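Asks: First, the structure itself, so that you have it in front of you.
The values are calculated or read from the model by the stated rules, or taken from the named source; none is laboratory data. Note that the structure is predicted; figures quoted are calculated from it, not measured. So basically every Cβ, Gly included, is an ideal-geometry build from the backbone, and we count neighbours across all protein chains shown.
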Amino acid sequence: MKLQETADHIINWLKNYAENAGVRGFVVGVSGGIDSALTSTLCARTGLEVLTLEMPIHQHPDQASRGQEHQNWLASNFSNTRHTQVDLTPVYDHFVAAMQPGGADHELSLANSRARLRMSTLYYHGQANGLLVAGTGNKVEDFGVGFYTKYGDGGVDLSPIADLYKTEVFALARHLGIIESILTAQPTDGLWGDDRTDEDQLGASYPELEWAMEQQEAGKSPKDFSGREAEVMTIYNRFNTANKHKMLPIPVCEIPVDLKY
């Protein structure tokens, strides 16, 4: 990948989109992870207004400190950026207290609720300030395994890095000088309040999943492989199938003409 040319392409795309939409810039949620760090940096490089929000909800201390460190790095390098923290922990606690616990997926439902509270917060600040919500999803998350929350971190106005594999995200972030603590941190969705990583949840690393995505696009299936490769293909296919509802347009029940007239 041609790193600087790719960065310039995304930056120009962001700037043109914002100008055509008649908005002032972008709002980005920063988590202490590589995707949000790269997205906010690319947005900052447009020269347009950028607001970053750190939105802790019972956050693991390491994630919170990396997010704040990245905000400080942006502030020292880009005068068009401003940064704030919105502590959503009390809001989340009130939400949990109002819910009736039950069902096998109760804990997962609560984890996804964190992402949806953050989405609502981003859109509040975006609309209040004339900013677009910039998504932070990458290619394998958004179009491969669907590893995001529907109407949570999947609720955005535009997706600047969604055509980059995770390995490409790391390469571009390093090229643009993202802080070392983020470059070396294990990827995590930050929805559980502990230190579990994306790989812990998915059962495969991002390079493995990227390989599987390419194999599936080439028409391969688990039966074409053996050992760990077959296992990774099975993992990829399981997530890809289960999360299709996130990656496809919302189904619309079309009414036959003879029923309308």
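Asks: Could you tell me whether any residue of the range 41-50 is at pLDDT 95 or above, under 30 Å from Glu214 (Cβ atoms) and surrounded by fewer than 22 Cβ atoms within 10 Å (Cβ to Cβ)?
Replies: Yes, the range 41-50 contains at least one residue that is at pLDDT 95 or above, under 30 Å from Glu214 (Cβ atoms) and surrounded by fewer than 22 Cβ atoms within 10 Å (Cβ to Cβ).
Asks: With respect to Ala97, is the statement that it is more than 17 Å from Leu53 (Cα to Cα), in the same structural domain as Thr46 (by TED's automatic domain parsing) and in contact with a Leu (Cβ under 8 Å, 6 or more places away or on another chain) true?
Replies: no
Asks: Looking only at residues in the range 61-85 that are outside any helix (DSSP H, G or I) and either in contact with a His (Cβ under 8 Å, 6 or more places away or on another chain) or among the hydroxyl-bearing types (Ser, Thr, Tyr) (or both), which one is farthest from Thr121 (Cα to Cα)?
Replies: Ser79
Asks: What number of residues within the range 89-132 satisfy the criterion of being of a type in the set (Phe, Trp, Tyr) and farther than 24 Å from Asn20 by Cα?
Replies: Counting residues in the range 89-132 that are of a type in the set (Phe, Trp, Tyr) and farther than 24 Å from Asn20 by Cα gives 2.
Asks: Considering only residues of the range 96-155 that are among the aromatic types (Phe, Trp, Tyr) and within 15 Å of Ser36 (Cβ to Cβ), which is farthest from the chain's Cα centre (by Cα)?
Replies: Only one residue tops the list, namely Phe147.
Asks: Any residue that is surrounded by fewer than 18 Cβ atoms within 10 Å (Cβ to Cβ), hydroxyl-bearing (Ser, Thr, Tyr), at negative phi and part of a helix (DSSP H, G or I) - is there at least one of those in the range 90-105?
Replies: No, the range 90-105 has no match at all.
Asks: Still on this structure: What tally of residues in the range 1-36 results from selecting those that are touching a residue at least 60 places away in the same chain (Cβ under 8 Å), within 24 Å of Ala128 (Cβ to Cβ) and either of a type in the set (A, V, I, L, M, F, W, C) or out of contact with any Cys (no Cβ under 8 Å at 6 or more places or on another chain) (or both)?
Replies: Final tally of qualifying residues: 12.
Asks: Continuing with this model, one more query. Can you confirm whether Thr184 is free of Cβ contacts under 8 Å to residues at least 24 places away in the same chain, within 19 Å of Gln63 (Cβ to Cβ) and of a type in the set (S, T, N, Q)?
Replies: The answer is yes for Thr184.
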